């Protein structure tokens, strides 16, 4: 996605923040000088990158496309603590951090992950990138914590005629939803839409067809386009229908447009935006409620993320969706980046697990992260 978040900050302090051999960051002495230096570095980074936002100068999407299913080498490093400075977790929080991964790859195509669904009780995943590719693989665990990735493959997302969607200007993939043997992928750009793939088996080889969507979705402006897709769960009045949510408000009233897509009809509702956050992705938890992943970018604070929970019963045509915050974090104090994708699943022990991933914008100074929490 090419919007105000994508190239607005290249975090030049990432090396400054990496742990040393003792596991402490260079800023961990918390002296006034170190903290002032940290703020000035972030401010300088934001100013430099903000000057290039409109010109796409710092976007490093690969020039040479992947043409077929391709194995991708990856390496991972574990994240043990969500807080950068060892702050104690809130015992009243409904989320318990399980761990995370910093992911690296020599492949120039591995990056820009913008939509995620975790499968197989947490052991598999399927993702899409804003360069027009599928990413599929396995999640490995070490004593219940994310321990690595394996069997990573990528392939171009294909349209009905067998050509990659990106060749027709539909390669800025932002979201994915799964339902039975079907997969739905949302894209944004100068035209927004949803592509449908079936069967889900051998998904990376399937051709998709475009679903009819209302003109209001097609015409969403670039940078405020279709950002989230989630399948309403069985038992809901609109179970089996897609919930589609735009990233930002078009009117200045702080209400992001959303639609329930059912049987060719589009039933409109809104999502209330707060505190400068935009919608990044959405997923239903097994219990039925909706989790909203939101992000914000500020000059001094860099990227921030927030998770909100929306009661399933509130999701109906004409509603204005709102809900409590479960988690709020920022790049200064937490192990986050430009968090773009969210998924929720139930593991073998019956626990609800929430997974989020970051879109590194193909910038070498941003990080590819996968983070997990248990939801009580």
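Please treat every number below as a calculation from the coordinates, not as lab data. Computed from a prediction, not measured in an experiment: that's the story for all the values here. Here the Cβ is made from the backbone with ideal geometry for all residues, glycine too, and neighbour counts use every protein chain on show.
For the peptides 137-146, 105-114, the ranking by mean Cβ contacts within 10 Å, running from highest to lowest, is 105-114, 137-146.
Between residue 63 and residue 160, the FRET efficiency estimated from the beta carbon spacing at R0 = 22 angstrom works out to 0.25. In terms of overall dimensions, region 212-278 has a Cα radius of gyration and Dmax of 12.2, 35 angstrom. With the convex hull constructed from alpha-carbon coordinates only, region 67-375 shows a mean projected area of 15.1 nm² over all directions.
Taking only C-alpha pairs under 8 Å that are 6+ residues apart, what is the relative contact order of region 67-375 in percent?
17
Considering region 141-252 at the alpha-carbon level, its Rg and Dmax are found to be 15.8, 49 Å. Across q = 0.11, 0.18, 0.22 Å⁻¹, region 249-376 modelled as identical point scatterers on its alpha-carbon atoms has Debye log10 I(q)/I(0) values of -0.42, -1.05, -1.34, in the order of the q list. Taking each residue as 0.36 nm, the span from residue 145 to residue 219 lengthens on full extension beyond its C-alpha to C-alpha distance by 22.4 nm.
Using every pair of distinct Cα positions in region 189-310, the Kirkwood expression returns a hydrodynamic radius of 15.5 angstrom.
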